[in-house]
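S.K.: Questions regarding the structure given below will be posed in turn.
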Amino acid sequence: MQNKINELRKERKITQQELADALSVTRQTIISLENGKYNASLILAHKIAQFFGTSIEEIFIFEQEEENI
């Protein structure tokens, strides 16, 4: 899943470690999120949205899979 975490973090001039500390996760979790290798749980997505003062939908880009009928 794509997201705008890296973009939002850089706009606010905070490091991956500072974001990780604020969210009570590891820096590796932030790296994995930014690289799209890890999808945040709903709870973590909510914490991220609260931290940046925006909605989950504004941060995470949900790609719908095509259904074969």
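The values are calculated or read from the model by the stated rules, or taken from the named source; none is laboratory data. Quick caveat: nothing in here was measured; it's all calculated off a predicted structure. Counting neighbours? That spans all protein chains shown, and the Cβs are built from the backbone with ideal geometry, glycine included. For accessibility, only protein heavy atoms count, side chains too; no ligands or nucleic acids. Shrake-Rupley method; radii C 1.70, N 1.55, O 1.52, S 1.80 Å.
S.K.: Please specify each residue of segment 1-58 satisfying the condition of being open to solvent by less than 50 Å² (accessible area, probe 1.4 Å) and acidic (Asp, Glu).
M.R.: Residue satisfying the conditions is Glu34 alone.
S.K.: Taking the conditions exactly as written (free of Cβ contacts under 8 Å to residues at least 60 places away in the same chain, within 23 Å of Glu63 (Cβ to Cβ) and charged (D, E, K, R)), does Lys13 satisfy them or not?
M.R.: No.
S.K.: Six or more apart or on different chains, Cβ under 7 Å: which pairs go from a residue in segment 35-64 that's of a type outside the set (A, V, I, L, M, F, W, C) to one that's surrounded by fewer than 15 Cβ atoms within 10 Å (Cβ to Cβ) and at pLDDT 95 or above? Could you list them?
M.R.: none
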